[in-house]
1. With the condition kept exactly as written, say whether any residue in segment 22-39 is among the hydroxyl-bearing types (Ser, Thr, Tyr), within 34 Å of the chain's Cα centre (by Cα) and modelled with pLDDT of 90 or more.
2. How many residues does segment 215-243 contain that are under 20 Å from ILE291 (Cα atoms), charged (D, E, K, R) and in contact (Cβ under 8 Å) with a residue 40 or more places away in the chain?
3. Please work out which one of (1) open to solvent by 30 Å² or more (accessible area, probe 1.4 Å); (2) over 22 Å from SER222 (Cβ atoms); (3) of a type in the set (Val, Ile, Thr) is the condition VAL83 fails and give its number.
4. Can you tell me which condition GLN64 does not meet? The list is (1) in a loop (DSSP other than H, G, I, E, B); (2) modelled with pLDDT of 85 or more, and all the others hold.
5. Do you know which residues across segment 6-34 are open to solvent by 70 Å² or more (accessible area, probe 1.4 Å) and either in contact (Cβ under 8 Å) with a residue 12 or more places away in the chain or assigned to a helix (DSSP H, G or I) (or both)?
6. Among the numbered criteria (1) within 25 Å of ILE95 (Cβ to Cβ); (2) open to solvent by 40 Å² or more (accessible area, probe 1.4 Å), which one does LYS290 miss?
7. Only one of (1) open to solvent by 10 Å² or more (accessible area, probe 1.4 Å); (2) outside any helix (DSSP H, G or I) fails for ILE307. Which number is that?
8. Within the set of pairs 6 or more residues apart or between chains, which connect a residue that is under 14 Å from ARG15 (Cβ atoms) inside segment 35-49 to a residue that is basic (Lys, Arg) and modelled with pLDDT of 90 or more with Cβ atoms less than 8 Å apart?
Amino acid sequence: MSHWDRQDMAYSAVRVARLYYFQGMTTAAIAEEIGTSRATVSRMLSYAMEHGLVEIRIHDVDEQSGYLEKILRDHYKLNVIQVVPASVAANDKDILQRVATQTAAYLNTLITPSSILGLAWGKTVAAIADNLIPKQVHNVDVVQLNGSGTGVNIVNAFGESIVARFAQNYGARAHSFPVPAFFDYGQTRTALWRERSIQSIRMMQDKASILVFSIGAEKTGSYVHNGGYLTADDMQALHQDGVVGDIATVFFRKDGSWHDVALNARSSGPDLDRFQRADHSICVVSGQGKIPGLQAALLGGFINELIIDEPTARLLAEKINADNQPHSSRSKHQRRIIQ
């Protein structure tokens, strides 16, 4: 399809979408008005949705008063929380797909001209990349927050490909971070951070107003823990430091502390203070195994927006409620959440 054909298609799709969504016309009525078939109208509506010409927002009237959302929002002082509907019987793959799809749609409401989007690579963010909805936006930058090279190879296509896919989706500039996820020596990192080329990337990381990440945890199939990044000595050091999770390869404890975790001196990820300053510090969680790390990250104030699957959100709310209630009344309140 040529450039002009795409322009004509986009123009027609927008026209049809306006008649359908704004005027409330049926596909049959639209087909009659523009002199085409209902099937063609349906294809135009699909084209408009697939190419980001139409965005659908659902305003849930019960969201503000819903018990599950309210307890999480109030307890952790979140600016935004989105609980993604999912059955407790659904498998992990299906739940991740739902969470990723909703996150991708939400990002399209946030990405505006001159936005800088920072990404911490991982399985969850890769799933979001798989479900992006095309939207061309002027003057957008997508920057990798932490290196993805291993001890064997400094170049790792996993992190770079995620950044490239996000950038392509928004017509943005891609900025990879070609350094190891973890340096062998802290002095090497200190020296490299003085290089002008690296400083320019780190300055862009610091300017990003939208940060997207998940929680890394040892027992959840985390790419960091299972991708050859950590040695046996590294794992032992993390256990000794009482680590429960990481964000962008920077580790933290149950109480949210992270500054004196030994391995962080060799990490390529940004200081976790950076996540406390972002306009949109969006944590995307799928799976109950991430709850300990998620609780610690919330306690540390690294998250101000949370997108989470419903079974995990219910369990998290249940834990909050149980901690806040006398032992004798816990079962009653736990049943209230599960209902």
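The values are calculated or read from the model by the stated rules, or taken from the named source; none is laboratory data. As the structure is a computational prediction, the values presented were derived from the model and not from experiment. Every residue, glycine as well, gets a Cβ built from its backbone with ideal geometry; the counts of neighbours run over all protein chains shown. Just so you know, the surface numbers come from the protein's heavy atoms only, side chains and all, with ligands and any DNA or RNA stripped out. Shrake-Rupley method; radii C 1.70, N 1.55, O 1.52, S 1.80 Å.
1. no
2. Counting residues in segment 215-243 that are under 20 Å from ILE291 (Cα atoms), charged (D, E, K, R) and in contact (Cβ under 8 Å) with a residue 40 or more places away in the chain gives 1.
3. (1)
4. With (1) in a loop (DSSP other than H, G, I, E, B); (2) modelled with pLDDT of 85 or more applied to GLN64, the lone miss is (2).
5. Across segment 6-34, the qualifying residues are ARG6, GLN7, ASP8, TYR11, ARG15, ARG18, TYR20, TYR21, PHE22, GLU32, GLU33.
6. Checking LYS290 against (1) within 25 Å of ILE95 (Cβ to Cβ); (2) open to solvent by 40 Å² or more (accessible area, probe 1.4 Å), the one that fails is (2).
7. For ILE307, the failing item is (1).
8. So the pair list comes out empty.
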